[in-house]
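K.L.:
Before we start, here is the structure in question, set down as structure tokens.
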Amino acid sequence: METIPIKIKKKDNCDDLPLPAYMSTGSSGMDLYADVEGETVITPGQIKLVSAGIYISLPQGYEAQIRPRSGLAVKHGIGIVNSPGTIDADYRGLINIILINFGDAPYVIKRGARIAQMVINKVIQARLEVTEELDRTVRDTGGFGHTGV
């Protein structure tokens, strides 16, 4: 498995939080932990910005995607509004997660709870070329249900 070094800094007063970690040898994403004072509640339908308590320095040519945790989604309806969230290689600010409660009950997030996962990906930037016509395909312009119900 290929690895890359990523520099990480903890926010002040976050020494008690674990560093992001892969929970198994085959995991694609590292779990991120909630930097909240004691605990916070997300009520049904509410959107809440929750700090992960870390800053990272990604190498050029990489991004970090922030994704929901499947267990929180299926058991409690907790998701991420801008899923996947993108952290660009030149961003050095605090990583925050935009959580939403799609469930029907309030959800309590305790300090240090695993709230999201972070996946590191290579990025390719496009070089756009303006043209008068595009190549044709069998699908062509079909979309939004073009293959049937």
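K.L.:
Six or more apart or on different chains, Cβ under 8 Å: which pairs go from a residue in the stretch 19-46 that's part of a strand (DSSP E or B) to one that's surrounded by fewer than 19 Cβ atoms within 10 Å (Cβ to Cβ) and among the polar types (S, T, N, Q)? Could you list them?
P.N.:
Partner pairs satisfying both residue conditions: Asp35/Ser51.
K.L.:
Go over the candidates Ser57, Ser83, Ser51 one by one and state the one that is modelled with pLDDT under 95, touching a strand residue (DSSP E or B) at 6+ places or on another chain (Cβ under 9 Å) and under 23 Å from Tyr22 (Cβ atoms).
P.N.:
Of Ser57, Ser83, Ser51, the one residue that is modelled with pLDDT under 95, touching a strand residue (DSSP E or B) at 6+ places or on another chain (Cβ under 9 Å) and under 23 Å from Tyr22 (Cβ atoms) is Ser83.
K.L.:
Another question about this same structure. Out of the residues in the stretch 47-61 that are among the hydrophobic types (A, V, I, L, M, F, W, C) and assigned to a loop (DSSP other than H, G, I, E, B), which is surrounded by the fewest Cβ atoms within 10 Å (Cβ to Cβ)?
P.N.:
Per the criteria, the residue is Leu58.
K.L.:
Follow-up question, since we're still on this one. From (1) under 14 Å from the mean Cα position of the chain (by Cα); (2) more than 22 Å from Gly29 (Cβ to Cβ); (3) among the hydroxyl-bearing types (Ser, Thr, Tyr), pick out the condition that doesn't hold for Ser51.
P.N.:
The one condition Ser51 does not meet is (2).
K.L.:
Out of curiosity, is Ala21 at pLDDT 95 or above, crowded, with 18+ Cβ neighbours inside 10 Å and within 21 Å of Lys122 (Cα to Cα)?
P.N.:
no
K.L.:
So, of the residues in the stretch 123-139 that are at pLDDT 95 or above and of a type in the set (A, V, I, L, M), which turns out to be farthest from Glu63 (Cα to Cα)?
P.N.:
So, considering only residues that are at pLDDT 95 or above and of a type in the set (A, V, I, L, M), the one farthest from Glu63 (Cα to Cα) is Val130.
Each row is one residue, and each column tells you yes or no for (1) over 13 Å from the mean Cα position of the chain (by Cα); (2) exposed (fewer than 11 other Cβ atoms within 10 Å of the Cβ); (3) of a type in the set (Gly, Ala, Ser).
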{"position": "Tyr33", "(1), (2), (3)": "no, no, no"}
{"position": "Pro68", "(1), (2), (3)": "no, no, no"}
{"position": "Gly85", "(1), (2), (3)": "no, no, yes"}
{"position": "Glu129", "(1), (2), (3)": "yes, yes, no"}
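K.L.:
Could you please tell me which pairs satisfy a Cβ distance under 7 Å, a separation of 6+ or placement on different chains, a first residue in the stretch 61-89 that is in contact (Cβ under 8 Å) with a residue 12 or more places away in the chain and over 17 Å from Ser51 (Cβ atoms), and a second residue that is surrounded by 17 or more Cβ atoms within 10 Å (Cβ to Cβ) and hydroxyl-bearing (Ser, Thr, Tyr)?
P.N.:
His76/Tyr107
K.L.:
From the list Ala64, Ala89, which one is in a loop (DSSP other than H, G, I, E, B), aliphatic (A, V, I, L, M) and within 16 Å of Ile120 (Cα to Cα)?
P.N.:
Within the list Ala64, Ala89, the selection yields Ala89.
K.L.:
Exactly one of (1) modelled with pLDDT under 95; (2) farther than 25 Å from Val123 by Cα; (3) not basic (Lys, Arg) is unmet by Thr3. Its number?
P.N.:
It fails just one condition, (2).
The values are calculated or read from the model by the stated rules, or taken from the named source; none is laboratory data. Since this is a predicted model, take the numbers as computed values, not measurements. Backbone-built Cβ (ideal geometry, glycine too); neighbour counts: all protein chains shown.
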